[in-house]
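Please read the structure below before turning to the comments.
FYI, it's all coordinate maths here, none of it is from the lab. This structure is a prediction, so every number in the text was calculated from the model and none was measured. Cβ coordinates were reconstructed from backbone atoms using ideal geometry, including for glycine residues, and neighbour counts include every protein chain displayed.
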Amino acid sequence: MPATSRDERIEARVRNTKWRNPPLRIEMSECINCDACLRHCPSQFGAIFNHGADVVIVAELCSGCDKCLPACPVDCIYPDPDWKPSPQEWWALPKSKLDPY
């Protein structure tokens, strides 16, 4: 059975296999760090975080719903069909005191 809740996905560190859209990624060379995407990511996914000077999307939490795309003023968010597992250090962000969700 696929991990369906955000907490289950955080615990298992796997993406819901039923999601058809690829996760999204932020091209940091284009990003202006406005955090609009973070504010528009639905809390049931809660995939976008500030990580130092960068804004990152944890692919395993991102459903590819595209809610963050229209919020981005510089269009620096792209589908990532060839995504790789998120770096270990990013998994400290969900459920931390920095977790905005």
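Some observations on this one:
- Using R0 = 41 Å, the C-beta based FRET efficiency linking Asp7 and Asp75 works out to 0.85.
- Top positive-direction residue, dipole computed over the chain with Cβ charges, set Thr4, Pro87, Ile48: Thr4
- Chymotrypsin sites (Phe, Trp or Tyr not before Pro) restricted to DSSP loop in segment 1-54 with at most 10 other C-beta within 10 Å: none
- The phi-based Karplus calculation (6.51 cos²θ - 1.76 cosθ + 1.60; θ = phi - 60°) puts the 3J(HN,Hα) values of segment 81-87 at x, 9, 4, 10, x, 5, x Hz, whole numbers, x for Gly and Pro.
- The charge dipole of segment 6-92, taken about its Cα centre with unit charges on the Cβ atoms of Lys, Arg (+1), Asp and Glu (-1) only, comes to about 340 debye.
- Answer label, with mean projected area of the Cα convex hull in nm² calculated from the coordinates and candidates (i) 6.5; (ii) 10.3; (iii) 5.9: (iii)
- Estimated from helical segments only, the mean residue ellipticity of the chain at 222 nm is -2500 deg cm²/dmol, where each DSSP H run of four or more residues counts as -39500 (n - 2.57).
- Excluding exposed DSSP-loop trypsin sites (Lys or Arg not before Pro) (at most 12 other C-beta within 10 Å), longest clean stretch of the chain: 21-96
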